[in-house]
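Heads up, the thing below is written out as structure tokens.
The values are calculated or read from the model by the stated rules, or taken from the named source; none is laboratory data. From a predicted model like this one, the values you see are computed outputs, not experimental measurements. All Cβ positions, glycine included, derive from the backbone under ideal geometry; neighbour counts span all protein chains shown.
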Amino acid sequence: MHFFKGEMYRLRNQAGDEASAIEAYERALGRTGAPAETNRALALLFLRRGEQERARAAFERYLAEASEAEDRAMIRAYLEKLR
Amino acid sequence: MTTRLTVALVVAALIAAGCARYSLVEPRTRTMADLYTVEPQIPWSAATEGPWEIWTVDGPTLASLQFLNGLEDDQPLFRSQDEAKRARFRKDMTASEIAELVVDSVGAAGAASVVATGLRPETFAGRDGFRFDLRFETKSGLEKRGFVVGAVANERLYLIMYSGLADHYFPKHREDAERVIRSVRLK
């Protein structure tokens, strides 16, 4: 539920939504069963905010959890740029 | 053919084509959006709608190759009466976010069950770009397949999107569309 709340805020992208989305994703990650995409969504938000180290760490967690993710080639390309 | 029948056929053709004015794209080098050139191998019919140039062989409702020619920051992908509510392109978007924008915009334009898969890097007009596959249903419930390639260049979004009815028209011109994409050269 927190993941979907985060998605709603991230995709709506109005004033204050970034912080609300990050809070929702972090709540989701604090519970068991959060989808792997939570870390990807968090990474995209950190990138948007220029927080490259946090973005890199979140992308790496996403790939560690979803090593066969269909967008893994794109995520690896992001990580190359962040190194 | 009577004049009345001719007029009826012309009107039907205009309706089918969304009332757009189509012109012939000959199989020779063509400049797109002042950024790149393409070399179509077959004749296409082309129409312009806002920032989009739409190419088709059999009709845009069956299969089309659509070029988004440099969408500016804070603009929606498709023009509509309720565009104030639509998701907008941001010049700092990642490829993942652009794929989400396409899914959201195609859905808001009336398609159902829109899914993007297989997002991956692909060079586009000399830029670090991306490609992904698309699947959705039309308002009348017909399944369409497609793919999208693109990149952000000079803070503008450039896309080439090929889509068609899944059972016949998507495969029919898929290779023609791929040839156009492979021919993209930075100007």
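Of all residues being touching a Leu at 6+ places or on another chain (Cβ under 9 Å) and of a type outside the set (A, V, I, L, M) in segment B:99-123, which is farthest from the other protein chains (Cβ to nearest Cβ)? Just the residue, please.
This residue is B:SER105.
Filter segment A:31-53 for residues that are among the β-branched types (Val, Ile, Thr) and assigned to a helix (DSSP H, G or I) and give the result.
A:THR38
If you go through segment B:139-179, how many residues are touching a residue at least 60 places away in the same chain (Cβ under 8 Å) and over 17 Å from B:ASP58 (Cα atoms)?
11
Only residues that are more than 11 Å from chain A (Cβ to nearest Cβ), surrounded by fewer than 19 Cβ atoms within 10 Å (Cβ to Cβ) and either under 17 Å from B:TYR158 (Cα atoms) or at pLDDT below 95 (or both): list them for segment B:124-137, please.
B:GLY126, B:ARG127
Can you tell me how many residues in segment A:54-83 are crowded, with 16+ Cβ neighbours inside 10 Å, more than 10 Å from chain B (Cβ to nearest Cβ) and not in a helix (DSSP H, G or I)?
Total meeting the criteria: 1.
Considering each of B:SER96, B:SER45, B:SER64 in turn, give the residue that is crowded, with 20+ Cβ neighbours inside 10 Å, away from every other protein chain (no Cβ under 14 Å) and polar (S, T, N, Q).
B:SER64
Taking segment B:109-122, which residues are surrounded by fewer than 14 Cβ atoms within 10 Å (Cβ to Cβ) and touching a residue at least 24 places away in the same chain (Cβ under 8 Å)?
B:GLY110, B:ALA112, B:SER113
Out of B:PHE78, B:PHE89, report the one residue that is within 15 Å of B:ALA153 (Cβ to Cβ) and more than 11 Å from every other protein chain (Cβ to nearest Cβ).
None of the other options fit; the residue is B:PHE89.
If you check A:LEU29 against the conditions, is it closer than 24 Å to B:PHE89 by Cβ and within 12 Å of the chain's Cα centre (by Cα)?
no
What are the pairs, 6+ residues apart or on separate chains, where a residue within segment B:74-85 that is surrounded by 10 or more Cβ atoms within 10 Å (Cβ to Cβ) has its Cβ under 8 Å from a residue that is of a type outside the set (A, V, I, L, M) and assigned to a helix (DSSP H, G or I)?
Qualifying pairs under 8 Å: B:PRO76/B:GLU83; B:PRO76/B:SER105; B:LEU77/B:SER105; B:PHE78/B:SER105.
Do we have A:ALA69 as at pLDDT 95 or above and of a type in the set (Gly, Ala, Ser) here?
yes
If I ask for residues that are at positive phi and more than 14 Å from the chain's Cα centre (by Cα), which ones from segment B:53-100 would you list?
Residue satisfying the conditions is B:ASP74 alone.
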